[in-house]
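Everything on this sheet refers to the single structure shown next.
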Amino acid sequence: MLNRRQLMAIAALALAVPTVTQAQNPSDIVVAQIGPFTGLPAPDALWLNEGMNAAFNEINAAGGIGNRKVRLLKFDDGYTYEGFKERMQEAMASNPVALLAPVGSATIKGVLDNALLDRSNIMILNAVPGASVLRSPGHPRLFHIRAGDDQQVKKVIDHGYAMTTASMGVLFQDIPIGSSGLESAKAAVLAGGGKMDLVEIQSSLDSDTLKAAAKKMASVSPQAALVIGNPKFMAEGVTALRKAGMRQPIFALSYLPATVLFKQAAEHARGVGIVQTFPSPQGVSTPIQRNFRMAMKKSFPEMDSYSPFHIEGYITARVFIEAASRAKSISSSDIASALRQAGEIDLGGYRVNFSKGNEGSKWVDIGVVSHDGRLRY
C-alpha cells in the first residue's frame, strides 16, 4: 500500500514526466506488455499501455517501489498466439516479474492450452478479454481484474428482463470469446427465470458472411440484440444489423470502444449500449477517476479525452503497484501471493479482491453511445 509520503509525492508531480520505457537501470522492477500494437484489435493495446505508463510514472516520481523504479517493456504480438509466444521469449530475457494486460481470446487460450505459464516463472495480470473459457479453470498465475464475460452478458440479459424483453438475438463470432459468450447468455437467461428466447446466429469476420448473418437476425426481429466478438467484429456486426433494418436496442461487450464503433458505424452507432467494466474515464466523481485523469494529464498533456482502455491500463498498473508494495520480495510468486493475501484493495471507488480466486472484480455498467460518438453512463 502507498504510504503518506509516496501519495504526497504523487500529488506534487510536475507536468513533464519521463516515460517508463526510457528508464534503463539494472535495479529496476521490470514488467512487460505483449499485445496487438498492430493488427486487430488495435488501438486497445496502445491505450492500455498509455494508462499503465501514467500510473508507473506516478510511482516512479514518488521514489518507486522500495526505492526501485518500475520499467514497462512493450512487445507487439500482431494479434496471434505464435506472435505472443515469440515475443514472450524475447521479453523473458529481461526477467520481468509480470506480464500485464495481454489482449486476445485466441491468444490467451493458446497460452493455457500449450501450458506456456508452466514453462515460465511469470504471472499475468489482467488478461483481456474475460471469456469464461479463459477463467474456468484458468491458471493459478493468470489473474483477471476486469469483470468476466459472464458478468457482462448477465448485465445485458438482466437489463432485458427489466425491460420485459421477450427475445434477445445473439450475434456471436466463431472464436472463443463468441462461443463462450453465447453460453454465458444461455446461463443468464436461465438464472433470470428462463422466460426470454435467444436467437443464436454465429458468423465469421468475413464481410459477406456477417452481412448474411445480420439479415437473418433482422428477419427474425428479436426485441433486442447482443453482439459478441472482438472489437472489429462487434463494430461491423452492429453496422450490419442496423443496415439490415434492425431498429431494436443493440448491445456490445466492453472490448468495443465507442470511438471505434462511431468510426465504423457513424449514425448507426447512436443509442448502442456498450457494457463497461471500469468507471468512466471522463468522470470525476470518485478518487480513482480523479487520480487517473491527473496522471494522464501529466504524462500525456496533449490528450483531451480518454478511452475506457486508458483507465483499465491505469488500474492494472495500480493493482500491480499495490501487490508489489505488499510482497515479501519482488518476485512473480511473492507478488501473486500478495495479491491473494491482500483481501479487498480499494483504489478509490474501484475495488478488487483476489482472496477467493483469480477474478478480482465484478463491477459492470452500461454506457450508451451518443450522437457524437461519446459514451454516456
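Across the chain, the longest piece that holds none of the trypsin sites (Lys or Arg not before Pro) lying in DSSP loops with up to 12 other C-beta atoms within 10 Å covers 1-194.
Using the Karplus relation 6.51 cos²θ - 1.76 cosθ + 1.60 with θ = phi - 60°, the per-residue 3J(HN,Hα) values for region 341-349 come to 8, 6, x, 6, 10, 9, 8, x, x Hz, with x marking Gly and Pro.
Provide the gained length on full extension for the span Ser333 to Lys243, in nm with one decimal, where the gain is 0.36 nm per separating residue minus the Cα-Cα distance.
27.3 nm
Projected label points at Ser167 and Asp118, each 7 Å from Cα along the beta carbon direction, are separated by 4.6 nanometres. Along the axis of the charge dipole computed for the chain (Cβ charges of +1 for Lys and Arg, -1 for Asp and Glu, origin at the Cα centre), the listed residues Leu190, Gly343, Pro26 are led at the positive end by Gly343.
With contacts taken as Cα pairs under 8 Å at a separation of at least 6 residues, the chain carries a relative contact order of 19 percent.
Applying both filters, DSSP loop and at most 16 other Cβ atoms within 10 Å, to the GluC sites (Glu not before Pro) of region 255-315 gives Glu302. The spacing between region 254-280 and region 136-213, judged by their C-alpha centroids, is 17 Å. Where only DSSP H runs of four or more residues are counted, the chain gives -13000 deg cm²/dmol as its mean residue ellipticity at 222 nm, each run worth -39500 (n - 2.57).
If the cut-off is 13 Å between C-alpha atoms, which aspartates and glutamates fall inside it for Lys216, apart from same-chain ones fewer than 8 positions away? Correct list for Lys216: Glu200, Asp208.
As an equivalent ellipsoid, region 149-276 spans semi-axes of 20, 15, 14 angstrom, where each value is the square root of five times an eigenvalue of the C-alpha gyration tensor, largest first. Under 28 Å of direct C-alpha separation, and excluding same-chain neighbours fewer than eight residues apart, Lys85 reaches these lysines: Lys69, Lys74, Lys109, Lys232. Projecting label points 7 angstrom from Cα along Cα→Cβ for Leu205 and Arg340 puts them 3.6 nm apart.
Candidate cross-link partners of Lys155 among the aspartates and glutamates, defined by an alpha-carbon separation under 12 Å and a same-chain spacing of 8 or more, comprise Asp365.
Using Cβ point charges alone (K and R +1, D and E -1), the dipole size of region 149-276 about the Cα centre works out to roughly 400 debye.
Centroid-to-centroid, using Cα positions, region 48-71 and region 309-377 are 16 Å apart.
Normalised size of the chain, defined as Cα radius of gyration per 2.2 N^0.38 Å with N residues, equals 0.97.
Only the coordinates and a few stated rules stand behind these numbers; no lab work does. Because the structure is predicted, anything quoted here is derived from the model rather than measured. Note that we place each Cβ from the backbone using ideal geometry, even for glycine, and neighbour counts take in every protein chain shown.
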